[in-house]
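Notes to accompany the following structure.
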Amino acid sequence: MDLYRRSDQTSPKSSPRGSRSPAIPRQDSTGTLKTTIALGKNPAIIQKGPFYLMKEPPDEAKLTGNTNLLSYHGLEHSYNKFCGKKIKEELNAFLPNLPGNIDAPGIQDNSSLRSLIEKPPITGKELIPLSGSALAGFRLHPGPLPEQYRLMHQMPPKKHKHKKKRKEETKEGPLQENQDNASEASVEQKTKHKKQKRSDEEREKRKKKKEKKKKKQKHSPEHPGPSTEGSSKIT
Amino acid sequence: MWGTVTWDKMSDRFEALEQQLEHFIENTRQLGITVSDFQPQGQNVLNQKLHTMVTGMQEIDKLKNQVQDVQVPLEVFDYIDQGKNPQLYTKDCMEKALMRNEAVKGKIDAYKKFKGLLMLELYKVFPNEMNKYRAMRDERPS
């Protein structure tokens, strides 16, 4: 291998990368030849570069991928918190106090945050309380809402503990509204809550059945598989 | 100390906004219940709740200045729009960071091994040149 080349062979024109377009910014390769010009009492030109294309290696970076960056930035506790435990996937688990079914995709009811960013609403206008004439537009006809709008008040299925709390709340809520001369609405609210509870109970029953199915499949893989919903025939 | 003070301030302003939003949502929910089966005697209650809604919006608007500097990654919005827990985004970020950290560490280790093996083989074939190279590298101040 010919390590000692002539100087013209080391010029940029005859560089092996000379066919590249000069428009592409390249790392400065001048100074590839290691030569030292010593001045002073004994001036001399010392060839220090017997190796072609030998360059100074870059300075070692202080922080590389060799380090555990999570512990370097003090994120071990956060990592164990988020990745060590199982996090529930539903949005309802993060915001349990919000009413309605928030686990549904936002695109379905046009409530997505993305649409809020892509088409921001008009802001900057002053918020003024409604005047008497403006409130006149909110005079409603008595009676129940049509079926299509009633679903907006359905709560997602919750645990028994929450149900007990809701019972207490529904008892307190109607009492307060009675003080505000809305006794009929409170009775109807109770019936609505009862209906919601029935539907919630049905949903919970179905969930329990599904869990039982899964357990059966896990414990006995030779089992013929799910046939009926939770019922086992005794022959 | 400085970190604790700023964290407390941040949590306070978030808590105030959170409370305000919860009150607003609760008022809206009650408004929905009132409207779902409206009775004439509920008109005053309805008007009151509408008024509360407007004042609630005014309060939330006042709080927006306190959170102007908060930056939220847009990818979290995709998780929320899909009905997923946003903590899953944090979890995914952490896992990705660890994976990439391990991948880069693997590359560094592989390159180190390669360098060692290359030096070894070059020493076998070009011992004199490698000694010169080694001398030049050792002369360079670290």
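The values are calculated or read from the model by the stated rules, or taken from the named source; none is laboratory data. Predicted, not measured: the structure shown is a model, and the values here were computed from it. All Cβ positions, even for glycine, are placed from backbone atoms using ideal geometry, and neighbour counts span all protein chains on display.
Tabulated values for the structure
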quantity	calculated
Those helices (runs of 4 or more DSSP H) lying entirely in the range B:61-142 with at least 3 residues facing chain A (nearest Cβ under 10 Å) and at pLDDT 95 or above	B:87-125
Sole exception among (1) surrounded by 10 or more Cβ atoms within 10 Å (Cβ to Cβ); (2) under 23 Å from the mean Cα position of the chain (by Cα); (3) at pLDDT 85 or above for A:L130, by number	(2)
Inter-residue pairs, beta-carbon under 7 Å, first farther than 14 Å from B:M57 by Cα and in the range B:11-23, second of a type in the set (A, V, I, L, M) and in a helix (DSSP H, G or I), 6+ apart	B:R13/B:V67
Pair list, Cβ < 6 Å and 6+ apart or interchain, from the range B:26-44 residues that are within 7 Å of another protein chain (Cβ to nearest Cβ) to residues that are among the acidic types (D, E) and surrounded by fewer than 18 Cβ atoms within 10 Å (Cβ to Cβ)	B:D37/A:E188; B:Q39/A:E184
